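The values are calculated or read from the model by the stated rules, or taken from the named source; none is laboratory data. All figures in this text were calculated on a predicted structure; none of them were measured in a lab. A quick note on method: Cβ atoms are made from the backbone with ideal geometry, for glycine too, and the neighbour counts reach across all protein chains shown. SASA here: full protein model, heavy atoms, side chains in, ligands and nucleic acids out. Shrake-Rupley method; radii C 1.70, N 1.55, O 1.52, S 1.80 Å.
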Amino acid sequence: QVQLVESGGALVQAGGSLRLSCAASGRTFSTYWMGWFRQAPGKEREFAAAIRRSGANSYYADSVKGRFTISIDNAKNTVYLQMNSLKPEDTAVYYCAARRAYGSSWSEDDYDYWGQGTQVTVSS
């Protein structure tokens, strides 16, 4: 099992920045990919970003590309999501997830472990 705990969510004004953290524990060596997903009120959960645990590859949803950066610190077993130029439409609960399989994916169905989420609210 892998346990994931997110932190860093907050209320921020449009144009501001936040950095989310996801601390992983347990059998982290069994996972190849770490991802961030988000769910806005009344909407389905959607992919935001993913990174291979080695840090060699990363992917972003078009809606966040150029504004968000995913990174990983394997010594700390922590994944980060740096969010810049935030917009009101970025308001959502952000979830960290881990995937056991080797191939990349941006489907939530392909991720095996999930955190509880952290709320990000962007005011206009």
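Once segment 24-42 is narrowed to residues that are at pLDDT 95 or above and within 14 Å of Gly117 (Cβ to Cβ), the residue that is most open to solvent (accessible area, probe 1.4 Å) is Gln39.
Looking at Ser71, is it part of a loop (DSSP other than H, G, I, E, B) and among the hydroxyl-bearing types (Ser, Thr, Tyr)?
Working: part of a loop (DSSP other than H, G, I, E, B): no; among the hydroxyl-bearing types (Ser, Thr, Tyr): yes.
When the stated conditions are applied, Ser71 does not pass them.
Does Ala92 count as touching a strand residue (DSSP E or B) at 6+ places or on another chain (Cβ under 9 Å) and either in contact (Cβ under 8 Å) with a residue 60 or more places away in the chain or open to solvent by 70 Å² or more (accessible area, probe 1.4 Å) (or both)? Spell out the reasoning first.
Details: touching a strand residue (DSSP E or B) at 6+ places or on another chain (Cβ under 9 Å): yes; either in contact (Cβ under 8 Å) with a residue 60 or more places away in the chain or open to solvent by 70 Å² or more (accessible area, probe 1.4 Å) (or both): no.
Against the criterion (touching a strand residue (DSSP E or B) at 6+ places or on another chain (Cβ under 9 Å) and either in contact (Cβ under 8 Å) with a residue 60 or more places away in the chain or open to solvent by 70 Å² or more (accessible area, probe 1.4 Å) (or both)), Ala92 does not qualify.
Pairing each residue of segment 35-52 that is at positive phi and among the aliphatic types (A, V, I, L, M) with any residue that is open to solvent by 20 Å² or more (accessible area, probe 1.4 Å) and part of a strand (DSSP E or B), provided the two are 6+ apart or on different chains, yields no C-beta distance under 9 Å.
When segment 10-23 is examined, which residues are found to be open to solvent by 30 Å² or more (accessible area, probe 1.4 Å) and under 15 Å from Tyr95 (Cβ atoms)?
Kept after step one, since they are open to solvent by 30 Å² or more (accessible area, probe 1.4 Å), are these residues of segment 10-23: 10-11, 13-15, 17, 19, 23.
The answer is Ala23, and nothing else.
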